[in-house]
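Structure first, commentary second.
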Amino acid sequence: MTLTIPGFDHIRLPGADGVELTAAVGGSGSPVVLLHGFPQTHLMWRHVAERLAAEHTVICPDLRGYGASDKPAATDSDVYAKRTMAADVVILAAALGHERFALVGHDRGALVAFRAGLDHPETITHLGILDIVPTLDMWNVLHGASAAVGYHLFLMAQPPGLPEALIANSADMFFGSFLDAWANDATALPEDVRAEYLRASAEAVTSIVADYRASAGIDVMHDQADLDAGSQLAMPVTVVQQDWGAQLGYDAAAVWKAWAPDLDHRLTRAGHFMAEEAPDEIAAAIQGLLAR
């Protein structure tokens with residue numbers, strides 16, 4: 001049985017190109033869409049979503065290729081491009097009657113949110129980003145021995161075949177290693193939640209790899225085109241992240257300022273899974289973003 005957010009409806013909604021997504025929807029008020037990261041599902045938002053639902057309609061989809069959402073075959077590079085995944089979110093929200101909404105993403109979901117902010121400025125009113133830099137910048141800051149922290153990015157960038165086979169043959173060990181290494185507080189991921197993430201990820205190896213492979217190809221091309229055109233995020237943006245700049249030797253706030261003129265950049269002491277490790281902090285950051 002799929003775990004979902006208590007008290008939320010668990011429904012199917014349309015995305016782009018005939019893909020359907022599953023989402024948890026609850027609360028009432030102005031809409032906020034929350035996008036999960038890797039190797040997780042919408043369940044990662046359970047604590048934050050419950051806090052926000054007192055004042056907002058909260059929509060937590062599984063991204064295409066993840067959780068209970070459709071997992072289309074990557075027949076071309078567009079299928080898992082963040083541009084396509086951003087279109088999923090816009091279409092999904094419109095199906096619920098929301099032509100404009102705030103959007104917050106974590107990890108992979110944050111890459112989708114970033115692309116949605118650039119591609120749909122008339123739709124995204126506020127943008128929240130948890131623990132990433134944009135795809136183009138991500139590759140630029142990974143260099144030397146310090147890049148080992150992102151080894152999975154390089155593995156899943158390889159041509160189809162080998163990455164899928166390697167990961168599928170040791171799925172629980174592979175996905176579990178990130179849950180172990182990236183959490184500062186292991187108690188934030190109780191056994192039933194951890195088991196749900198491992199089950200969902202093991203069932204989605206091919207589509208997860210396709211999502212990552214897109215970030216070594218078509219997503220870079222889209223980011224570069226926007227950079228060359230001088231495109232920026234038009235809405236208020238809040239970024240909360242670990243101090244990756246200090247660890248990898250770059251100015252994270254400056255990276256984000258180049259894309260987001262109206263920026264609130266924050267560092268957290270929580271681990272990568274900050275929505276689960278520090279839900280009060282993250283909910284407050286989102287509420288502050290929505291008040292801008």
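The values are calculated or read from the model by the stated rules, or taken from the named source; none is laboratory data. None of these values were measured; they are calculated from a predicted model. Neighbour counts are summed over all protein chains in view; Cβ atoms, including those assigned to glycine, are modelled from backbone coordinates with ideal geometry. In case anyone asks, the SASA skips ligands and DNA or RNA and just uses the protein heavy atoms, side chains included. Shrake-Rupley method; radii C 1.70, N 1.55, O 1.52, S 1.80 Å.
Within segment 51-86, the residues that satisfy the criterion of being at negative phi, part of a loop (DSSP other than H, G, I, E, B) and crowded, with 24+ Cβ neighbours inside 10 Å are Asp62, Leu63, Arg64, Tyr66, Ser69, Tyr80.
Scanning segment 257-272 for residues that are in contact with a His (Cβ under 8 Å, 6 or more places away or on another chain), surrounded by 19 or more Cβ atoms within 10 Å (Cβ to Cβ) and part of a helix (DSSP H, G or I) turns up nothing. Within segment 11-21, can one find any residue that is part of a strand (DSSP E or B), more than 22 Å from Ala186 (Cα to Cα) and free of Cβ contacts under 8 Å to residues at least 24 places away in the same chain? Yes. Restrict the check to segment 24-39 and report whether at least one residue is free of Cβ contacts under 8 Å to residues at least 60 places away in the same chain, under 25 Å from Thr238 (Cα atoms) and either out of contact with any helix residue (DSSP H, G or I) (no Cβ under 8 Å at 6 or more places or on another chain) or assigned to a helix (DSSP H, G or I) (or both). Checked segment 24-39: at least one residue is free of Cβ contacts under 8 Å to residues at least 60 places away in the same chain, under 25 Å from Thr238 (Cα atoms) and either out of contact with any helix residue (DSSP H, G or I) (no Cβ under 8 Å at 6 or more places or on another chain) or assigned to a helix (DSSP H, G or I) (or both). When segment 90-99 is filtered for residues that are free of Cβ contacts under 8 Å to residues at least 60 places away in the same chain and either within 14 Å of the chain's Cα centre (by Cα) or in a loop (DSSP other than H, G, I, E, B) (or both), the ones remaining, listed by number, are Gly97, Glu99. Residues in segment 13-50 that are open to solvent by 10 Å² or more (accessible area, probe 1.4 Å) and either touching a His at 6+ places or on another chain (Cβ under 9 Å) or closer than 14 Å to Ala275 by Cβ (or both): Val25, Gly27, Ser28, Gly29, Ser30, Pro31, Arg46, His47, Glu50. Within segment 217-250, the only residue that satisfies the criterion of being touching a helix residue (DSSP H, G or I) at 6+ places or on another chain (Cβ under 7 Å), more than 29 Å from Gln287 (Cα to Cα) and acidic (Asp, Glu) is Asp219. Screening Met173 on (1) in contact (Cβ under 8 Å) with a residue 40 or more places away in the chain; (2) within 24 Å of Thr2 (Cα to Cα); (3) open to solvent by 20 Å² or more (accessible area, probe 1.4 Å) shows it passes everything except condition (1). Condition check: of a type in the set (Val, Ile, Thr), more than 17 Å from Leu130 (Cβ to Cβ) and loosely packed, with under 13 Cβ neighbours inside 10 Å. Does Thr187 satisfy that? Against the criterion (of a type in the set (Val, Ile, Thr), more than 17 Å from Leu130 (Cβ to Cβ) and loosely packed, with under 13 Cβ neighbours inside 10 Å), Thr187 qualifies.
When segment 101-131 is filtered for residues that are surrounded by fewer than 24 Cβ atoms within 10 Å (Cβ to Cβ), β-branched (Val, Ile, Thr) and either in contact (Cβ under 8 Å) with a residue 60 or more places away in the chain or in a helix (DSSP H, G or I) (or both), only Thr125 remains.
Filtering segment 110-126 to residues that are of a type outside the set (A, V, I, L, M, F, W, C) and out of contact with any strand residue (DSSP E or B) (no Cβ under 6 Å at 6 or more places or on another chain) leaves Arg115, Asp119, His120, Pro121, Glu122, Thr123.
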